[in-house]
Amino acid sequence: MKLLALRWLLDPATSLLALRLRAQECGRMSYDAAWRLARVIRHPDEMVYRHHGHLAEDSHDEQR
């Protein structure tokens, strides 16, 4: 199942909010980014998961 369909199935309210946010941006924001923003708006305690994979792993690894 595609991610888009799964998101609509599991959380339609967040998906609708994502469409509204994307419409406000006149399509300049991807649906994926709008969905993640909508998810954090509706569930602020999940902010940690939004940042997962977007931060440097370890400063020690960068020095190598």
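The values are calculated or read from the model by the stated rules, or taken from the named source; none is laboratory data. Just so it is clear, the model here is predicted, and its values are computed rather than measured. So basically every Cβ, Gly included, is an ideal-geometry build from the backbone, and we count neighbours across all protein chains shown. Areas reflect the complete protein model, heavy atoms only, side chains present, ligands, DNA and RNA absent. Shrake-Rupley method; radii C 1.70, N 1.55, O 1.52, S 1.80 Å.
If only residues of the range 1-19 that are closer than 20 Å to Y49 by Cβ and exposed (fewer than 12 other Cβ atoms within 10 Å of the Cβ) are counted, the one that is modelled with the lowest pLDDT is L3. Being charged (D, E, K, R), open to solvent by 60 Å² or more (accessible area, probe 1.4 Å) and not in a helix (DSSP H, G or I) holds for only one residue in R36, R28, R22, and it is R28.
In the range 27-41, the residues that are free of Cβ contacts under 8 Å to residues at least 12 places away in the same chain form Cβ pairs under 6 Å with partners that are of a type in the set (K, R) and open to solvent by 60 Å² or more (accessible area, probe 1.4 Å), at six or more places apart or across chains, as follows: M29/R22; V40/R50.
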